[in-house]
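See structure below.
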Amino acid sequence: MAQFVSSRWVGNRWPSIEIEPVETFMFQCLLAHLAAMYHFPLPPLIDILDGYVTDFKLLGSDATLRLDNWSLSLACTSEAVRDQILTELQALPPDFFG
């Protein structure tokens, strides 16, 4: 079962959502879900040394989804957008991500 927790990135202080489990399939499912729900094209993935990152617009806010060896998180420039997305993700059925 997926877990979503409100947080904030240390470096740029963007409001974020920390996601567990930290797995590639969760990154892919979450990105596909957000793209379908908010009607944006799937953005290109950037392969980083220990995972993936992708940038896109989410409800008018710059957003980044990042997966590395230690974390899976979604961050955006707007706390209101983060809070809205967090509420929607927490309301998904427990088996939504498999």
> Restricting the first residue to segment 9-21 and requiring it to be within 17 Å of Thr87 (Cα to Cα), which pairs with a second residue that is part of a loop (DSSP other than H, G, I, E, B) and aromatic (Phe, Trp, Tyr) meet a Cβ separation below 7 Å and a spacing of at least six or different chains?
Replying inline: Ser16/Trp9
> Does segment 79-89 contain any residue that is more than 21 Å from Asn12 (Cα to Cα) and of a type outside the set (Ser, Thr, Tyr)?
Replying inline: yes
> Within segment 24-42, how many residues are touching a residue at least 40 places away in the same chain (Cβ under 8 Å) and under 20 Å from Arg8 (Cα atoms)?
Replying inline: 4
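Conditions tested, residue by residue: (1) assigned to a loop (DSSP other than H, G, I, E, B); (2) in contact with a strand residue (DSSP E or B) (Cβ under 8 Å, 6 or more places away or on another chain).
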residue	(1), (2)
Arg13	yes, no
Ile17	no, yes
Gln28	no, no
Pro43	yes, yes
Tyr52	no, yes
Arg82	no, yes
Ile85	no, yes
Asp95	yes, no
Gly98	yes, no
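Bear in mind that the values in this text are calculations on the coordinates, not laboratory data. Quantities reported herein were computed from a predicted structural model and do not represent experimental measurements. As a convention, Cβ positions derive from the backbone with ideal geometry for all residues, glycine included, and neighbour counts pool all protein chains shown.
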